[in-house]
Amino acid sequence: MHSSLENFYTALKEIETVNTDLKTKRETLQQYTLSFNDVVQNKSIDKKILENNQELGSLLEETLSLLKISSQNWIEYFNEMLEKEKFRSELEDYFIVIIFGKVKAGKSSLGNFIAQNRLPKQPIEFFKYDEAGQKQEIKQLEELEEEGFATNNLECTVEIQGFKLEGMAWIDTPGLGSMVKENGDLAKEYIQSADYVIYPTSSDSPLQQDEMAQLKELFEQNKKVTICITKSDYHDEDECECGSEYGCKKCDVGLVKVLKNKSQERRVKQEAYVKEELEKLIPNNSESVLGDIFSISSHTAKRGLKENDIELFEESNIPKFYTLLTEVVEKKSQALKKNAPYDSLNAFIENHILGNQNVENQYTLLSMKESIHELDEKIQSSMEAFSLLKKNASSDIGSEVDSIVASYMATIDKHNAQEIFAQIDIELEEIVVKLIQENIQKIFETFETTLQDLHSKLNHEEFVIEDKYETIKQRYKDNGLTNLWGLFGDRYSTVKERINVGDNKQEIISKFKNSRIEGYNQIAQENYQGIEEEFFIPLQNISQEMKNEIQQLEEKIVVLKNSLSEV
């Protein structure tokens, strides 16, 4: 046996089970998500908010709905992830290798090669899952007949198959597009549980569109993937050993088809192309998810061993593949087996809870924060518009009062002042109510003013126009007896007189006008203040509550995620 093969099978004996504290970390994450879900599911929105402003109300509803749907999805997905981990329990003593890819990619041939070339008397156990996703035992006769996986002439794995070989479990899964739903779900569960992933792509046409999509999903799960460019061989014509020009049973008119390895130059170019294309798929924050990339041919390796053609065997690159597997087993298997479940939990946290720009998932904390940011911007914009309306209201009310009072100015006198002031109040109330309603309805669809009848709110009876009088002093020369005598000179007397100097009409009208401007402004501001208290403040409070819940959860999740990285 070639040394590279022997080293690999020997190394499988050394794999040991690694225990972790993963269960505690899972339970912590589950507690965080359940608590968050309980809080958001119990949140509701006041119907007044939804009725008063349809745009803001709808945006708030969408944001809260996003939180509720996301948290519920986390719980469901988390439970699914725990269900998937049951396969790790089945294979807890094994280093789990998954070979995953589309049909006709050479997976079964590679698996058969590894199974068939094990050490003498090295035990192996085969198993498979049928199309309904049910596990079946492979009978001894089937094992002996096939000595490995059942394959057809198209190298298409019909079922999920596997074998246990010392400390390694090799799982062969077909491309998801070729499977019934049950098998497809099972394949995804095995992949989630994998310690090491091998992805084959045919040398005939490497990295087709559906393969790129599958690899992108693997990278997003933080799975380290080794790429095998399989079937890196071709058939060439050679002369048959029979020497007959007529040919024999093995040849066609003296010519036989000989399987050969593709040239090193062609392989290097294909490997470079595959690497360049795959690097485009790798998220910026995911390091070392792309493993080795190399070309192999299990068919030329098998022929090389059979015919003792060392050069053919070496150039098949199977020895290189075995050397890599041996290195993984000897140096990395325990770390990978220990870290793989942590990586799965870490990928769940990163892609399904925290979120990142490279993974399209709307049900993450990142999406929630973006939605709330959009809501806050809209709230702020509406509040600024509302503040401008409040400011303009004072000017508008002053103009309306001035206009109405000016129209009655000439007709007001002390006899009809009460009647005219009452009429002005009636007109002003109607105009101001309409003004405020139209003003506010620029933002709100529905609005009920709290303006009351100003006959009770503002009294007009206090504004009375009255005549104005002034008291003046008149000085008269006294023509009395003493003056005639001339003994003491001229004598004078002072007399006070009260005379009409007009009325207080201008003052009363000015006082009335100022009181109405002040009164209506006060009432308008009370309405604006009421709207702020009934709409904007509750709206801001709900937004802040959601942000607080998200921030608290995010802080806890980040701490937990960092602890996974320290394992």
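The values are calculated or read from the model by the stated rules, or taken from the named source; none is laboratory data. The structure displayed is predicted, hence computed values, not measured ones. Note: ideal-geometry Cβ built from the backbone for every residue, glycine included; neighbour counts use all protein chains shown.
List pairs: first residue in segment 543-559 and under 16 Å from residue 71 (Cα atoms), second residue of a type in the set (Lys, Arg) and modelled with pLDDT under 95 anywhere in the structure, Cβ distance under 9 angstrom, at least six positions apart or on different chains. What qualifies is 545/43; 546/43; 547/369; 549/43; 550/369; 551/369; 554/369. State whether the residues of segment 410-419 include one that is in contact with a helix residue (DSSP H, G or I) (Cβ under 8 Å, 6 or more places away or on another chain), part of a helix (DSSP H, G or I) and surrounded by fewer than 20 Cβ atoms within 10 Å (Cβ to Cβ). The answer is yes, given that some residue of segment 410-419 is in contact with a helix residue (DSSP H, G or I) (Cβ under 8 Å, 6 or more places away or on another chain), part of a helix (DSSP H, G or I) and surrounded by fewer than 20 Cβ atoms within 10 Å (Cβ to Cβ).
Among the residues of segment 471-500, count how many are at pLDDT below 75, surrounded by 10 or more Cβ atoms within 10 Å (Cβ to Cβ) and either in a helix (DSSP H, G or I) or hydrophobic (A, V, I, L, M, F, W, C) (or both). The qualifying residues number 2. Residues in segment 1-19 that are among the hydroxyl-bearing types (Ser, Thr, Tyr) and at pLDDT 75 or above: 3, 4, 9, 10. Condition check for residue 74 on (1) among the aromatic types (Phe, Trp, Tyr); (2) modelled with pLDDT under 75; (3) in contact with a His (Cβ under 8 Å, 6 or more places away or on another chain): one failure, at (2). Evaluation of residue 506 against the conditions (1) surrounded by 14 or more Cβ atoms within 10 Å (Cβ to Cβ); (2) without any contact (Cβ under 8 Å) to a residue 40 or more places away in the chain shows that the sole unmet condition is (1). Among the residues of this structure, residue 55 counts as one that is in a helix (DSSP H, G or I), more than 19 Å from residue 365 (Cα to Cα), of a type outside the set (S, T, N, Q) and at pLDDT 80 or above. Within segment 371-386, can one find any residue that is closer than 29 Å to residue 544 by Cβ, of a type in the set (Lys, Arg) and touching a residue at least 12 places away in the same chain (Cβ under 8 Å)? Yes, segment 371-386 contains at least one residue that is closer than 29 Å to residue 544 by Cβ, of a type in the set (Lys, Arg) and touching a residue at least 12 places away in the same chain (Cβ under 8 Å). Is at least one residue of segment 277-288 assigned to a helix (DSSP H, G or I) and in contact with a helix residue (DSSP H, G or I) (Cβ under 8 Å, 6 or more places away or on another chain)? Yes - at least one qualifying residue is present in segment 277-288. Just one residue in the set 439, 459 is in the same structural domain as residue 524 (by TED's automatic domain parsing) and either modelled with pLDDT of 85 or more or touching a helix residue (DSSP H, G or I) at 6+ places or on another chain (Cβ under 6 Å) (or both); that residue is 439. Please verify whether segment 20-35 includes one or more residues that are surrounded by 15 or more Cβ atoms within 10 Å (Cβ to Cβ), modelled with pLDDT under 85, touching a strand residue (DSSP E or B) at 6+ places or on another chain (Cβ under 9 Å) and farther than 24 Å from residue 378 by Cα. No, segment 20-35 has no match at all.
Regarding residue 556, is this residue in the same structural domain as residue 462 (by TED's automatic domain parsing), in a helix (DSSP H, G or I) and under 30 Å from residue 395 (Cα atoms)?
The answer is no for residue 556.
Is it fair to say residue 523 is free of Cβ contacts under 8 Å to residues at least 12 places away in the same chain, among the hydrophobic types (A, V, I, L, M, F, W, C) and assigned by TED's automatic domain parsing to the domain that holds residue 395? So residue 523 fails the test.
Selection of segment 353-364 for residues being outside any loop (DSSP other than H, G, I, E, B) and crowded, with 21+ Cβ neighbours inside 10 Å yields only 353. In a residue-by-residue description of segment 339-360, the property of being at positive phi and modelled with pLDDT under 90 applies to at least one position.
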